[in-house]
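As structure tokens, the structure follows; a few thoughts come after it.
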Amino acid sequence: METSAQIAIVTGAGSGIGRRAALALVEASFHVVLAGRRAEALEETGRMAASAGEGAGRTLAVPTDVTDPTGVDHLFQTAVETFGRVDLVFNNAGTFAGAGAIDAIAYDTWLNSIGVNLNGAFLVAQAAFRTMKAQAPQGGRIINNGSISAHVPRPNAIAYTAAKHAITGMTKSLAIEGRPFSIACGQIDIGNAATDMTVEMGKGMLQADGRLLPEATFDAAHVAQTIVHMARLPLNANIPFVTVMATTMPYLGRG
């Protein structure tokens, strides 16, 4: 089924920021391919989009493990076979698993975090690039989900921090390599958006000086709106990096 509407793929669309972004893109008239490991969660996102009225029929759930190259290829093939092309990818899937002091973290834990947060993001970006380069008209936009941790670490989060710092380098490389093919790449770095994964922040987070302090959060709807703004830009304009955060979170003063 080909369509004149823009086509987006959102990974990690079954919860949190991915779900909020997917719903906002549907509201902005995109057709959205929902990717994630849990089929039930993706279907729930689809139902939420349909219940909004004009979102009916605008989503397609494709259960995907982003660490599996074959699965990622299947995701993009399904999107193209169904809608004809891919205009936007929100490269969002990730995990906070793997917290621990560097001298205590198990190697398997490190590998799992790097596998999802970096290798998975690379596989999705690579498939997006190949698809956008090959399609006609050529081009598209990739938005990587970085993090505040792409700039400054939290204590006891070396695997997550290393992966997110690497995402920044990947974003820069994609932005350069995409220029001849009208492929724009940018990154959104999110700090303390209120989701199911950040509820503990209000109770207390370990700070660099060893104290446990509550941290402010903000409505994740503002993240989704920022992603829609980036997505709507013409391909001759790009936002390479944008940070959206709770105003009083200890980011600029970390340490």
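Things worth noting here:
- Remark: the Ser51-Gln207 segment gains 52.1 nm on full extension, using 0.36 nm per residue and subtracting the alpha carbon distance.
- Gain in span if fully extended, Glu200 to Arg232, counting 0.36 nm per residue against the direct Cα distance: 8.2 nm
- With the convex hull drawn around the C-alpha atoms of the chain, the volume per residue stands at 119 Å³.
- By the Cα gyration tensor, segment 183-228 has an equivalent ellipsoid whose semi-axes, rounded to whole angstrom, run 26, 14, 7 from largest to smallest.
- Over segment 156-255, equivalent-ellipsoid semi-axes from the Cα gyration tensor in Å: 30, 17, 10
- C-alpha center-to-center spacing [segment 186-255, segment 90-128] in angstrom: 19
- Per residue, the convex hull spanned by the Cα atoms of segment 125-182 measures out at 65 cubic angstrom.
- Under 15 Å of direct C-alpha separation, and excluding same-chain neighbours fewer than eight residues apart, Lys164 reaches these aspartates and glutamates: Asp189.
- A simple charge model with +1 on the Cβ of Lys and Arg, -1 on the Cβ of Asp and Glu and nothing else charged puts the dipole of the chain at about 520 debye relative to its Cα centre.
- Contour minus Cα-Cα distance for Ile176 and Leu252 (0.36 nm per residue): 24.5 nm
- For Met245, the residues whose modelled amide H falls within less than 5 Å of its own, excluding neighbours fewer than 5 places apart on the same chain, are Gly191.
- For segment 204-255, the mean projected area of the C-alpha convex hull, equal to one quarter of the hull surface, is 4.5 nm².
- Straight Cα distances below 17 angstrom link Lys133 to the aspartates and glutamates Asp73, Glu81, Asp87, Glu177, with same-chain residues fewer than 8 positions distant left out.
- Taking the average, over residues, of other Cβ atoms within 10 Å as the packing measure, peptides 167-177, 10-20 rank 10-20, 167-177 from highest down.
- Couplings 3J(HN,Hα) for segment 14-26, derived from phi with the Karplus relation 6.51 cos²θ - 1.76 cosθ + 1.60 (θ = phi - 60°), are x, 6, x, 4, x, 5, 4, 5, 4, 5, 5, 5, 4 Hz, where x marks Gly and Pro.
- A DSSP coil position with no more than 13 other Cβ atoms inside 10 Å describes the following GluC sites (Glu not before Pro) in segment 1-83: Glu2, Glu54.
- Estimated translational D of segment 33-179 in µm²/s (Stokes, Kirkwood radius over Cα pairs; 37 °C; 0.692 mPa s): 200
- Along each principal axis, taking the top coordinate minus the bottom one, the Cα set of segment 1-88 gives 34, 27, 17 Å in descending order.
Computed from the coordinates by the stated procedures, all read-outs in this text should not be read as laboratory data. Please read these numbers as outputs of a predicted model, since none were measured by experiment. Virtual Cβ from ideal backbone geometry, glycine too; neighbours counted across all protein chains shown.
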